[in-house]
Amino acid sequence: MSTVRTTVAQALVDFLAVQHVERDGQVTPFFAGCLGIFGHGNVAGVGEALRGRQPDFRYVLARNEQAMVHTAAAHARMRDRLQTWACTTSIGPGATNLVTGAAAATINRLPVLLLPGDTFATRQPRPVLQQLEAPGEPGLTVNDALRPVCRFFDRVDRPEQLASALLDAMRTLTDPADTGAAAVCLPQDVQAEAVDVPAALLEPRTWHVPRAVPEPGQLDTLAGWVQAAERPLIVAGGGVIYAGAAEALAALAGQTGIPVVETQAGKGSLAHDHPAALGAVGVTGTPGANEVAARADLVIGIGTRWSDFTTGSQALLANPDLRVACVNVTGADAHKLGGLPVIGDARLALEGLAERLAGHTVSGEYTAAVADHAGSWRDAVDAAYRPDRPGPAPSQPEVIGAVNEAAGATGVVVCAAGSMPGELHRLWRSRDPKQYHVEYGYSTMGYEIPGGIGVKLAAPDREVFVLVGDGSYLMMPGELVTAVAERLHLVVVLVDNGGFASIGGLSTSLGSQGFGTSYQYRSDGGILDGGPLPVDLAANAQSLGATVWRPETSADLRVALDAATRVDGVAVVAVRTDPTVAAPGDGAWWDVPVSEVSTDPAVSRIRQGYDEHRRRQRHYLDLEQP
């Protein structure tokens, strides 16, 4: 066998540079490059190898290890999981900082390759700087913390193990049913060690990304269920978008009149003005969508993992005669809720259903009811986006409306944790499947700016609007520097409402009066109610290299957004909002336990309501079995 004399790290980088994926005849380089922060655990190995590959294999210096995983995951989501980044770190805190990002990537089914440095495989110098000693298990390192949050985990303790580790990682990363974060841990001495690598390992390789064909019998059963249903409903999840199935969904919905509601990951699966579009469903859903979901006698989930926000903590889908079918490439998701599992690609399943349902439509009465719900919600959104009210400070819905208008037909909104994702889910009007990018599988504070970088790297021709609250901004503002350094144009809309508005609202609804959720001094009484802190987040953003606007009114905001889209580099529009104006909507119940015993009478009253809702939860054991 022909071999190449190289270091382990050099072989690793050379391997990554020649990996490709193919789906439907389209071939794409799988790795856009490598994000990284160097330390003693990777600078002499992976760092030296990356330097030798510049500029052919792009290296981006990040400012936070968690952030660079978010950037890679956002890029992968924007590219329908057909391209991602590798992430290299040193040992110790650099490696453990990957854990949150890895969890978010895996929960959201997004491929990211993690390459953390590790302690010496020889164990000769020990303990090395940043090594966690485990006397009863000397082979244990902090990198083992990545095991539960990764779909694949390996440690290359000998150079000969590199080939199998990389091939197994690629198998996981390119498998639509099993993708997520993959970790290949690299002891720092092994990285720099020379090895005779099989030349075949470093030759270009293309990984086929399959479209799993649904079993015809299951599609036949599902088609029969649709024909027998009076009020069928489709719940579109992220799998619709990743499979490139939006056109197939629009065609089926148009052909049959079956209404479509969307999860957070699935928002944009159907254009907001499609006749069958009912918008957001679940805890952050609209009144009409949730009413239709509660009365549906057949619910077809396509590419959704049925989170508690989608099902209203198993209390939303309330029809006692309900049937459920789940279309998903992942068997575990397809079997959720105890319904009919249809394991396969979303696009193929939708096309197969359309063939079987030729000539079938829902009743005119049902179509009219759906149209009424959609029309009522359009009016509600119009009123929220441009309300006729006094007061200079815009509300959060007004901010969302201004960004929605500025985004036009192709702009992308990026958001994550806090109160804005719920309002975005209800209010945002998507025109195509890639306009709405909200990380809500892990609801990760700090995701927004690095996520925006990932979206921009994946789609440089699109305008990217990062919507971030003050609480989430403070988690990871340093990635503004990364965007500045890479000369990326981002419009960051920094919404300042003086603390954690989402959790503050939840706390109040549970009887805890917003305790510990606002940014205030400690008063003489010893609690955090001593007045607002003198924090200037706009000045912070400006100090990190951004061009900053400070609009005070809705009109000023629209002018600032227009100006921000025209500048080079990073633009930050910092706006204080009026927290007294709530967004319209009537979401489903969410199961957050309330204290069963409390000295506060308000908490006891709220607990009574909580117990009533729990009695409505469905265990999905009474569904008709397929």
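The values are calculated or read from the model by the stated rules, or taken from the named source; none is laboratory data. Note that the structure is predicted; figures quoted are calculated from it, not measured. Neighbour counts run over all protein chains shown; Cβ positions are idealised from the backbone, glycine included. Remember, those area values only see protein heavy atoms, side chains included, never the ligands or the DNA or RNA. Shrake-Rupley method; radii C 1.70, N 1.55, O 1.52, S 1.80 Å.
Annotations for the structure displayed:
- For segment 545-554, 3J(HN,Hα) per residue [Karplus equation, 6.51 cos²θ - 1.76 cosθ + 1.60, θ = phi - 60°, Hz, x = Gly/Pro]: x, 8, 8, 10, 10, 10, x, 10, 10, 4
- Contact order, relative form, for segment 138-211: 34 percent (alpha carbon pairs under 8 Å, 6 or more residues apart, mean separation divided by residue count).
- Share of carbon and sulfur in the accessible heavy-atom surface of the chain [1.4 Å probe, %]: 52 percent
- Taking trypsin sites (Lys or Arg not before Pro) as exposed when DSSP calls them loop and at most 15 other C-beta atoms lie within 10 angstrom, the chain has its longest site-free stretch at 124-486.
- FRET efficiency, 1/(1 + (r/R0)^6) with R0 22 Å, evaluated for residue 167 and residue 137 via beta carbons: 0.20
- Accessible surface of residue 475 - all protein chains present, 1.4 Å probe, nearest 10 Å²: 100 Å²
- Dipole in debye (nearest 20) - the chain, about Cα centre, beta carbon charges: Lys, Arg +1; Asp, Glu -1: 440 debye
- HN-Hα J in Hz across segment 444-458 - Karplus 6.51, -1.76, 1.60, θ = phi - 60°, x for Gly and Pro: 8, 5, x, 5, 4, 5, x, x, x, 4, x, 5, 5, 5, 7
- Relative contact order for segment 343-443: 21 percent, from Cα pairs under 8 Å spaced at least 6 residues apart, divided by residue count.
- Long-range HN-HN contacts of residue 591 with modeled amide H, under 5 Å: 313
- Put 37, 234 in order of accessible area, highest first, and with a 1.4 Å probe you get 37, 234.
- Dipole-positive endmost among 349, 75, 592 within the chain (Cβ charges, Cα centre): 75
- Taking a point 7 Å from the Cα of residue 371 along the Cα-to-Cβ direction, the residues of segment 213-248 with backbone N closer than 20 Å to it are 230-234.
- Net lengthening on full extension, residue 178/residue 484 (0.36 nm per residue, minus Cα-Cα): 106.7 nm
- Candidate lysines for bridging to residue 336, where Cα separation is under 22 Å - those fewer than 8 sequence places away on the same chain excluded: 267
- Considering only the chain, percent of DSSP beta bridges that pair antiparallel, nearest 5: 15 percent
- Contact order for the chain, expressed relative to its length and based on alpha carbon pairs under 8 Å spaced 6+ residues apart, stands at 13 percent.
- Accessible area per residue in Å² at 1.4 Å probe, computed on segment 345-417: 42 Å²
- With both labels modelled 7 Å from their Cα along Cα-to-Cβ, the residue 528 to residue 614 distance reads 2.8 nm.
- In terms of accessible area, using a 1.4 Å probe and ignoring ligands and nucleic acids, 7, 547 rank largest first as 547, 7.
- Backbone amide hydrogens, once placed in the peptide plane, bring residue 58 within less than 5 Å of 34, excluding anything fewer than 5 places away on its chain.
- Solvent-accessible area of residue 376, all protein chains in place: 80 Å² (probe radius 1.4 Å, heavy atoms, ligands and nucleic acids excluded).
- Each of 86, 199, 430 was scored by the projection of its Cα onto the charge dipole of the chain, and the greatest displacement toward the positive side belongs to 199; charges sit on the C-beta of Lys, Arg, Asp and Glu.
- Expected 222 nm ellipticity per residue - DSSP helices of 4 or more, -39500 (n - 2.57), all of the chain, to 500: -10000 deg cm²/dmol
- Using θ = phi - 60° in the Karplus curve 6.51 cos²θ - 1.76 cosθ + 1.60, the 3J(HN,Hα) couplings for segment 95-109 round to 6, 5, 5, 6, 4, 5, x, 5, 4, 5, 5, 5, 4, 8, 6 Hz; x is entered for Gly and Pro.
- Nearest-20 debye value, segment 76-135 charge dipole, Cβ charges on Lys, Arg, Asp, Glu: 200 debye
- Accessible-area value, residue 316, 1.4 Å probe, nucleic acids and ligands omitted, Å²: 20 Å²
- Simple label model, 7 Å out from Cα along Cβ direction - residue 536 to residue 462, nm: 3.5 nm
- Which label in [x] 26.9; [y] 25.8; [z] 32.4 gives the computed Kirkwood radius over Cα pairs in Å: [y]
- The region of the chain that goes longest without hitting one of the chymotrypsin sites (Phe, Trp or Tyr not before Pro) in a DSSP loop, each with at most 14 other Cβ atoms within 10 Å, is 1-514.
- Mean projection area, nm², convex hull over Cα of segment 93-166: 5.4 nm²
- Point-to-point label distance, residue 61-residue 555, nm (Cα→Cβ direction, 7 Å offset): 4.5 nm
- Residues whose amide H falls under 5 Å from that of residue 496, counting only those 5 or more places apart or on a different chain, are 575, 576, 577, with hydrogens built in the peptide plane.
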